[in-house]
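First the structure, which I've put down as structure tokens, then a few questions once you've had a look.
The values are calculated or read from the model by the stated rules, or taken from the named source; none is laboratory data. For clarity, every value in this text was computed on a predicted model and none was experimentally measured. Backbone-built Cβ (ideal geometry, glycine too); neighbour counts: all protein chains shown.
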Amino acid sequence: AVCSKADENALYLQYADAHVCIGPAEASESYLNIPSIISAAEITDIEAIHPGYGFLAEDSHFAEVCESSNIVFVGPSSGVMKKMGDKIQARKIAIENKIRVIPGSDSTIENQQHALKVAHELGYPVLIKASFGGGGRGMRVAHNDISLVNSLAIAQREAKAAFKDPSIYIEKYIEPSRHIEVQIVADKYGNMVHLGERDCTIQRRHQKLLEE
């Protein structure tokens, strides 16, 4: 396991066979620090890295570095992640394959004027979302022009801090709605199985509290 200075006494470390501190409390200097994580892997002579969730879990560059270092990345290949990790590109791929998506911008938001134009076309409320990453970071609901303008910079700062990329896009915010997921597990040999549906609707600040 790895940890930052701030998490050296965290409960999860008690269940690990060994752990390595990879940097200070700031995520950009620890959990997003690819050289430090790879160094920790090489020092402990591990064969695979499970990225967990958030941070580098959906970072195609990190998966690519693992591959080039002969370390198994427990997750999709870097090629797949490049396509799916960028939500705007993922939306385009879905549309090309005739999969319905929520109405939204077809590119990253360039500035306030662009954001307002998209929001007016979609109609309020809208959801500002980080183009990369997940876990509820870089997400803000806007119900009017004022809240949209105020939320843009906040969402961009959150996205940059969590994923090192401030890119955002806008989708129509649907309410009421339910958050349903279908989990899929596959290996490099072509074996694949789905784990059924999970209702993840109960959330706080766009982060799941309960999955059932």
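Here's a check for you: in the range 23-78, which residue that is hydroxyl-bearing (Ser, Thr, Tyr) and surrounded by 19 or more Cβ atoms within 10 Å (Cβ to Cβ) is farthest from GLY135 (Cα to Cα)?
Step one: filter the range 23-78 for residues hydroxyl-bearing (Ser, Thr, Tyr), giving 28, 30-31, 36, 39, 44, 53, 60, 68-69, 77-78.
Among the residues that remain, those that are also surrounded by 19 or more Cβ atoms within 10 Å (Cβ to Cβ) are: 30-31, 60, 78.
Values: SER30: 18, TYR31: 14, SER60: 17, SER78: 20 Å.
Across the range 23-78, the extreme among qualifying residues is SER78.
Moving on. In the range 73-99, how many are charged (D, E, K, R) and more than 20 Å from SER167 (Cα to Cα)?
Going residue by residue through the range 73-99, those that are charged (D, E, K, R) are 82-83, 86-87, 91-92, 96, 98.
Then keep just the ones that are more than 20 Å from SER167 (Cα to Cα); that gives 96, 98.
Residues in the range 73-99 being charged (D, E, K, R) and more than 20 Å from SER167 (Cα to Cα): 2 in total.
So, one more: Filtering the range 33-66 down to residues that are among the charged types (D, E, K, R) and touching a helix residue (DSSP H, G or I) at 6+ places or on another chain (Cβ under 6 Å), which residue is nearest to GLU158 (Cα to Cα)? Spell out the reasoning first.
Within the range 33-66, the first condition is being among the charged types (D, E, K, R), and the residues that meet it are 42, 45, 47, 58-59, 64.
Next cut, touching a helix residue (DSSP H, G or I) at 6+ places or on another chain (Cβ under 6 Å) only: 58, 64.
Details: GLU58: 16, GLU64: 24 Å.
The residue in question is GLU58.
When only residues in the range 69-103 that are out of contact with any helix residue (DSSP H, G or I) (no Cβ under 9 Å at 6 or more places or on another chain) and without any contact (Cβ under 8 Å) to a residue 24 or more places away in the chain count, which is farthest from GLU58 (Cα to Cα)?
Going through the qualifying residues, I end up with LYS98.
Out of the range 117-150, which residues are part of a loop (DSSP other than H, G, I, E, B) and at pLDDT 95 or above?
Of the range 117-150, the ones part of a loop (DSSP other than H, G, I, E, B) are 123-125, 131-139, 143-144.
Once the filter is applied, which keeps residues that are part of a loop (DSSP other than H, G, I, E, B) and at pLDDT 95 or above, the range 117-150 yields GLY123, TYR124, PRO125, HIS143, ASN144.
Restricting attention to the range 134-187, which residues are more than 27 Å from TYR31 (Cβ to Cβ), crowded, with 19+ Cβ neighbours inside 10 Å and of a type in the set (Val, Ile, Thr)?
ILE170 - this is the single residue of the range 134-187 that is more than 27 Å from TYR31 (Cβ to Cβ), crowded, with 19+ Cβ neighbours inside 10 Å and of a type in the set (Val, Ile, Thr).
State which residue is nearest to the chain's Cα centre (by Cα) when the search covers only the range 160-174 and only residues that are part of a loop (DSSP other than H, G, I, E, B) and within 15 Å of GLY123 (Cα to Cα). Quick ask: steps written out before the conclusion?
First, pick out the residues of the range 160-174 that are part of a loop (DSSP other than H, G, I, E, B): 164-167, 173-174.
Adding the requirement that they be within 15 Å of GLY123 (Cα to Cα) leaves 173-174.
Details: TYR173: 19, ILE174: 20 Å.
Looking at the filtered set, the residue picked out is TYR173.
Now for a separate question. Could you tell me whether ASP145 is over 25 Å from VAL65 (Cα atoms), out of contact with any Lys or Arg (no Cβ under 9 Å at 6 or more places or on another chain) and of a type in the set (Asp, Glu)?
Working: over 25 Å from VAL65 (Cα atoms): yes; out of contact with any Lys or Arg (no Cβ under 9 Å at 6 or more places or on another chain): yes; of a type in the set (Asp, Glu): yes.
When the stated conditions are applied, ASP145 passes them.
From the residues in the range 77-93 that are touching a Gly at 6+ places or on another chain (Cβ under 9 Å) and under 24 Å from ILE22 (Cβ atoms), which one is modelled with the highest pLDDT?
MET81
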